[in-house]
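Since the structure comes first, as structure tokens, the remarks are kept for the end.
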Amino acid sequence: MGPEPLAGLVVHAVLANPDGTLRYVDVWESREACDRAFDERIHPAVRETFQETGFRPAGEPPRNEVAVVDVLLGGGA
């Protein structure tokens, strides 16, 4: 996807589930910023990786839109 930050992305977190799968949680400034990032950067990069590896996903993971009430970012990683 390149070194440039995704415009409109507030925070991206990857969580490990007990069953070994991953869950991604993203907070965006707006739905439009999210859609633009997926259309312009994320989908093209993922598509290229899938083609290189021969992976064929069953479909796109569901997006669950929720209203963010507050985000607090700490000073450390």
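Rule-based calculations on the coordinates, nothing more; no lab input. Only a predicted model underlies this, so the values are computations on that prediction, with no experimental measurement involved. No Cβ is skipped: glycine too gets one built from the backbone with ideal geometry, and neighbour counts run over all protein chains shown.
Among the residues of segment 32-54, is there at least one that is touching a strand residue (DSSP E or B) at 6+ places or on another chain (Cβ under 6 Å) and either of a type in the set (Gly, Ala, Ser) or surrounded by 10 or more Cβ atoms within 10 Å (Cβ to Cβ) (or both)?
Within segment 32-54 (the criterion being touching a strand residue (DSSP E or B) at 6+ places or on another chain (Cβ under 6 Å) and either of a type in the set (Gly, Ala, Ser) or surrounded by 10 or more Cβ atoms within 10 Å (Cβ to Cβ) (or both)), the answer is yes, since at least one residue qualifies.
Give segment 50-68 a look and list any residue that's closer than 20 Å to HIS12 by Cα, more than 15 Å from the chain's Cα centre (by Cα) and of a type in the set (Val, Ile, Thr), or say none.
VAL68
Select from segment 18-40 the residues that are hydrophobic (A, V, I, L, M, F, W, C) and in a strand (DSSP E or B) and list them in ascending order.
Those that are hydrophobic (A, V, I, L, M, F, W, C) and in a strand (DSSP E or B): LEU22, VAL25, VAL27, TRP28.
When you check HIS12 against the structure, is it in contact (Cβ under 8 Å) with a residue 12 or more places away in the chain and out of contact with any Lys or Arg (no Cβ under 8 Å at 6 or more places or on another chain), yes or no?
yes
Of all residues in segment 16-30, which are more than 12 Å from the chain's Cα centre (by Cα) and either of a type in the set (Phe, Trp, Tyr) or under 26 Å from GLY74 (Cβ atoms) (or both)?
Passing the criteria: ALA16, ASN17, PRO18, THR21, GLU29, SER30.
Does VAL27 qualify as being under 20 Å from MET1 (Cα atoms) and in contact (Cβ under 8 Å) with a residue 24 or more places away in the chain?
Against the criterion (under 20 Å from MET1 (Cα atoms) and in contact (Cβ under 8 Å) with a residue 24 or more places away in the chain), VAL27 qualifies.
Counting only residues that are touching a residue at least 24 places away in the same chain (Cβ under 8 Å) and outside any loop (DSSP other than H, G, I, E, B), how many does segment 41-77 have?
Looking only at that region, the number is 3.
For segment 3-17, which positions are part of a loop (DSSP other than H, G, I, E, B) and not acidic (Asp, Glu)?
PRO3, PRO5, LEU6, ALA7, GLY8, ASN17
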